[in-house]
Amino acid sequence: MAVDPLIELRDVNKYFGTLHVLRDINLTVDRGEVVVVIGPSGSGKSTLCRAINRLETIQSGRITVDGEPLPEEGRALAALRSEVGMVFQSFNLFAHKTVLDNVMLAQLKVRKRRKDEAERRARELLDRVGLAAHATKYPAQLSGGQQQRVAIARALAMDPKVMLFDEPTSALDPEMINEVLEVMRQLARDGMTMVVVTHEMGFARSAANRVVFMADGAIVEDRAPEEFFTAPRSDRARDFLSKIL
Ligand code: ADP
Ligand code: MG
């Protein structure tokens, strides 16, 4: 079903020492697709995301982004990182910089945009995530949900080809989860290619084109959400769903 693959992993294996954390991973994400990755803690979800961004090296197999193999280092690696946006559980905003500066910084340093251009783009994105009125505030003056939306705007400012989200709402108080998921839903509707690790099954059901279920470093199921949630095929997935739903 690979119509227009943007990310491809072929027979990817990753070890931490003797620990085999990614086992023969084969995964294709097409342009415009939203793939939700779920699975128990320690199953390799974060490592999978980090490998796509080359924050982790792999021992065997092949990963391509938009047809290009992942670069080893240097300029090409920096370019890849800016094309693959990543949002983590912890927002990691610069505490001593304003919201606006947080969203401008990488545009100036990595994209080498002019200041006025970077500011225009930053304001546009802050508006898109509902934070136009907070541009001159500092991260500590914002709620967790607002900070995570700034982190999303910051990643989008690089004009990434794909966005990776690793449990973006796991550190948030319950009442803030929805505002972040809503921004992500809107991104998905706008056609962004997304890989999302999350325990938010409502989001998986409503926004995902596919659900990838991982256990012990392997992809156990890779199917449409309605099929996965109504009739998981594997014992591992049934067991997992019975615990979280
Ligand atoms: P998940 O995100 O699904 O919880 P991770 O990808 O974080 O899983 O971890 C997969 C496995 O790799 C776990 O057993 C974890 O303890 C191990 N692991 C993750 N990062 C490292 C690391 N830097 N060094 C050694 N082991 C690690
Ligand atoms: Mg993780």
For this session: Show the residue pairs that are 6+ apart or on different chains and have beta-carbon atoms under 6 Å apart, the first residue being within region 34-45 and in contact (Cβ under 8 Å) with a residue 24 or more places away in the chain, the second being of a type in the set (Lys, Arg).
Result: VAL35/ARG210; VAL37/LYS45; GLY39/LYS45
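Within region 10-66, can you find the residues that are among the acidic types (Asp, Glu) and within 13 Å of the chain's Cα centre (by Cα)? Lay out the reasoning, then the answer.
As a first pass, look at region 10-66 and keep what is among the acidic types (Asp, Glu): 11, 24, 30, 33, 56, 66.
The answer is GLU33, and nothing else.
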Exercise. Just wondering, is there one or more residues in region 187-203 that are of a type in the set (S, T, N, Q) and either farther than 26 Å from ASP66 by Cα or surrounded by fewer than 21 Cβ atoms within 10 Å (Cβ to Cβ) (or both)?
Worked result: no
Exercise. When you go through (1) away from ligand 1 (no atom under 16 Å from the Cβ); (2) free of Cβ contacts under 8 Å to residues at least 40 places away in the same chain; (3) touching a Pro at 6+ places or on another chain (Cβ under 9 Å) one by one for VAL84, which number turns out not to apply?
Worked result: (2)
Exercise. Within the bounds of region 179-194, is there any residue that is at negative phi and more than 16 Å from the chain's Cα centre (by Cα)?
Worked result: yes
For this session: Search region 136-169 for residues being closer than 28 Å to ILE7 by Cβ and among the polar types (S, T, N, Q), and hand back the single one that is farthest from ligand 1 (Cβ to nearest atom).
Result: GLN147
Exercise. Which one of MET201, MET176, MET192, MET184 is touching a Leu at 6+ places or on another chain (Cβ under 7 Å), closer than 30 Å to ALA237 by Cβ and in contact (Cβ under 8 Å) with a residue 24 or more places away in the chain?
Worked result: MET201
Problem set entry | Subset of region 89-135 that is within 23 Å of ALA171 (Cα to Cα) and modelled with pLDDT under 95 - its residue that is nearest to the chain's Cα centre (by Cα) | GLN89
Exercise. How about region 25-60: which of its residues are more than 16 Å from ligand 1 (Cβ to nearest atom) and surrounded by fewer than 21 Cβ atoms within 10 Å (Cβ to Cβ)?
Worked result: ASN26, THR28, ASP30, ARG31, GLY32, SER60
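The values are calculated or read from the model by the stated rules, or taken from the named source; none is laboratory data. From a predicted model like this one, the values you see are computed outputs, not experimental measurements. Heads up, the Cβs are rebuilt from the backbone with ideal geometry, glycines too, and the neighbour counts pull from every protein chain shown.
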